[in-house]
Amino acid sequence: MVDLKIERPQLSAEQGRFLRLLLAGACVLLAAWFAWSGWQQHRDASRRTGIEQARDQAITSLAAMLKTEYGRMETQLAKPDVRNAVADGDLVNAGVRLAEGWKGAEGARVFAPSLESAYAVLTAKDAQGGGYGRLAALEAAIAQNKPVAWIVGDAGKAHIELAAPVHRDDALVAVAAVRLPMARINQTFEQAGVPGDTYLALRQGSHSVIERGETALNNGAESLARKIPGSEWRVAAAVPDAAGGPFGLEAIGCFIAALALLLLAGLASVAHKFQLRRKPADSEEPGSEQTLAEATLNPVAPVEPAAPAVVAVDSEAKPEVGQVAIDSGIFRAYDIRGIVGQTLDAGVAELIGHAVGSLMHEQGHEDIVVGRDGRLSGPELTEGLVKGLRRAGRNVIDIGLAPTPLTYFGAYHLRAGSCISVTGSHNPPDYNGFKIVVGGETLSGDAITDLYARIAEDRLHDAPTPGRLEQRDINDDYVERVASDVQIERPLKIVVDAGNGVAGELGPRVLEAIGAEVTPLYCEIDGTFPNHHPDPSEPANLTDLIRMVERLDADLGIAFDGDGDRLGVVTRDGQNIFPDRLLMLFATDVLERNPGAVIIFDVKCTGRLPGHVLRHGGSPLMWKTGHSLIKAKMRETDAELAGEMSGHFFFKERWYGFDDGIYAAARLLEILAMHPGGPGEALAELPDGVSTPEIKVDAPDGNPHAFVEQFREKAHFEGARLSTIDGLRVDWPDGWGLVRASNTTPILVMRFDADSKEALKRIQAAFREQLLALKPDLKLPF
């Protein structure tokens, strides 16, 4: 048997005792850290479970209440005296009889299906007191052909408007409404067991009717929101951000680690009482052998390997621009856009990231989400962008391949507040760019050009240490969030054409999750866009989709652009439903729940849209084209919905207010699935006229803004109303025309819309005359 000996300098007793106590103390501190982290995670899990139980109990209670009241409405309407009064046309008496014997019911009324009397008696005072809310409930009951409940009125004065259609021999003959107290709802939320530091709310549309707990958590409550069956209400819930355990350990792992460290501390503290020595060899000097505890505290020094080569990094060096000099022209009105290899490369991307990071530093924002579309240049530009952001000390959450709406969603869902989507949107494959949100605000105008000024003036922040980089996959979270908000009443058979853009994977997943039967077309992500350009605003790009819908006899065709923030729609009979008509459909739906809401549309939308919004109780507002400009106007006016002719739709109601083609498609299917005549009939009912798609003309000298400015100054249109919000829009009683400068490419954008073909030709001729007077060689396709 061979005795193992460890030769080392002898430790004194005091030194050994000190080292053992030091080890024990370190173990105790680490154990406390792990135990504290484990307890925090356990507490967070308990709070989440508690608030989810409170949410589900509230949903169960309110669903039961609604079922009871709907049944009571049905019973009251079935009373002989009510039915006879309706049959006799005595609707006033029918309303009186409806409320008899119904405890708590007030203001019972029965109206003709036209609701003319309801609109006729609506005064300004009625509107302030919730009259529009009753009208919304009545309209919803007719549209959905079933009882509906709305919460109407201000906080403290709110009540429930319950409305239901009245039928005779399956024909709609009247619609009834009754006002009910909020007592049962209030009692449900007062009795809800809301754990400390959590949040619970009853929501209708974007309004929180009742809130309990920490209201500071309200912005993130939609992630745990669930709909109440039989209503448009939701119970939303939130818990504080949960802190992760050390080294990614969950609660049980932290507790096990703490226990192990405590055991090690105990062993170290008593090791001096149990010193196990090996028998010394004959040649050893007494006392030179090592105890087990000392071997643990004084390991043999390992043989050091040769030092690796070290590459020196100059932390003060500015990022190189590489082969491309930074060009102020890529900083556009509402994003940054350039041609890869000419005005954009990884070096330029790094400078942009550094500038954005510096702006975040000044505003006190630490975290930012970054996603990219499927273009071939995306990975290289993202790498440069992330490098610049981290150089400014920002913590980057990279979500990889992501439609732009998913990147926006990540800023909310991950509570970063800031994000950048690396995308060329609907432009050709050699284009790429950046859509930027800082602190919840989409950068546009001066905020975009200031990024270039920061770079040019070297106003860039260099952090002492680079920010963190984290990879996250939030695709499942997005699908779950949309599916928790939208579920279609009956399956619809649809074809989805993503044009080989980045929405090709996520878009079909979402629509399948809400109940649709999806056939994908060109949904493989390919940055060369081999089948057609990913721009649904160009009718030529919808040809294959129209054919596939016809061949499969599908209900509808859905098209997304290159980064998934725009939507195109075609019907079974091959019609291209322009986005301004889709906005009418969305506005009708939103205004049913939010009477009086502001609906924003851009200057390219049809002149029939404002009247449609007004007839449905909304406030129409025309504004400049551009996703960031529209979002800024939504914040300013607190609008519930906005849309652009290009196919961008912005839902604040039930969503976050950013442009999202995928979510817009889900909301569209939700509306169409409820129509008894199917999608084709629902879309055919929308007001229509004679209009052109967007007409794109190469700008003289490649400068569209200069040409449009000259056109506004020199053009003259007799008997028309001129609008210069964005370009020049000219309105006549029977139609309108528009010329504006594109903010993304060097082209002029034109559109014409009229009540008849003759009016359309007359308006186009007037524009042609004025345009050619300014530029005789301008090539016009009309």
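A compact table of results
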| read-out | value |
| --- | --- |
| Those residues of the stretch 189-200 which are open to solvent by less than 20 Å² (accessible area, probe 1.4 Å) and farther than 14 Å from residue 52 by Cβ, in sequence order | 189 |
| Which listed residue, of 177, 136, 143, is small (Gly, Ala, Ser) and either under 26 Å from residue 215 (Cα atoms) or modelled with pLDDT of 85 or more (or both) | 177 |
| Selected residue (criterion: surrounded by the fewest Cβ atoms within 10 Å (Cβ to Cβ)) from residues of the stretch 424-469 that are among the hydroxyl-bearing types (Ser, Thr, Tyr) and assigned to a helix (DSSP H, G or I) | 449 |
| Entirely in the stretch 528-644, the strands (runs of 3 or more DSSP E) that have 2 or more residues that are in contact with a Pro (Cβ under 6 Å, 6 or more places away or on another chain) and open to solvent by 20 Å² or more (accessible area, probe 1.4 Å) | none |
| Residue that is surrounded by the most Cβ atoms within 10 Å (Cβ to Cβ), among those in the stretch 499-527 that are aliphatic (A, V, I, L, M) and within 19 Å of residue 571 (Cβ to Cβ) | 511 |
| From 137, 225, 216, 171, residue being within 28 Å of the chain's Cα centre (by Cα) and surrounded by fewer than 16 Cβ atoms within 10 Å (Cβ to Cβ) | 216 |
| Evaluation of residue 473 against (1) touching a Leu at 6+ places or on another chain (Cβ under 8 Å); (2) more than 14 Å from residue 360 (Cβ to Cβ); (3) at pLDDT 95 or above (one fails), failing number | (1) |
| Tally, over the stretch 470-486, of residues that are over 15 Å from residue 411 (Cα atoms) and open to solvent by less than 90 Å² (accessible area, probe 1.4 Å) | 6 |
| Qualifying residue in the stretch 51-71 (condition: touching a residue at least 24 places away in the same chain (Cβ under 8 Å), small (Gly, Ala, Ser) and open to solvent by less than 20 Å² (accessible area, probe 1.4 Å)) | yes |
| Per-region count, the stretch 677-691, residues closer than 23 Å to residue 549 by Cα, part of a loop (DSSP other than H, G, I, E, B) and open to solvent by less than 50 Å² (accessible area, probe 1.4 Å) | 2 |
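Conditions tested, residue by residue: (1) out of contact with any Leu (no Cβ under 7 Å at 6 or more places or on another chain); (2) part of a strand (DSSP E or B).
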{"site": "717", "(1), (2)": "yes, no"}
{"site": "726", "(1), (2)": "yes, no"}
{"site": "729", "(1), (2)": "no, yes"}
{"site": "749", "(1), (2)": "yes, yes"}
{"site": "753", "(1), (2)": "yes, yes"}
{"site": "759", "(1), (2)": "yes, no"}
{"site": "763", "(1), (2)": "yes, no"}
{"site": "771", "(1), (2)": "no, no"}
{"site": "778", "(1), (2)": "no, no"}
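The values are calculated or read from the model by the stated rules, or taken from the named source; none is laboratory data. As the structure is a computational prediction, the values presented were derived from the model and not from experiment. Virtual Cβ from ideal backbone geometry, glycine too; neighbours counted across all protein chains shown. Surface accessibility is based on the protein's heavy atoms, side chains included, excluding ligands, DNA and RNA. Shrake-Rupley method; radii C 1.70, N 1.55, O 1.52, S 1.80 Å.
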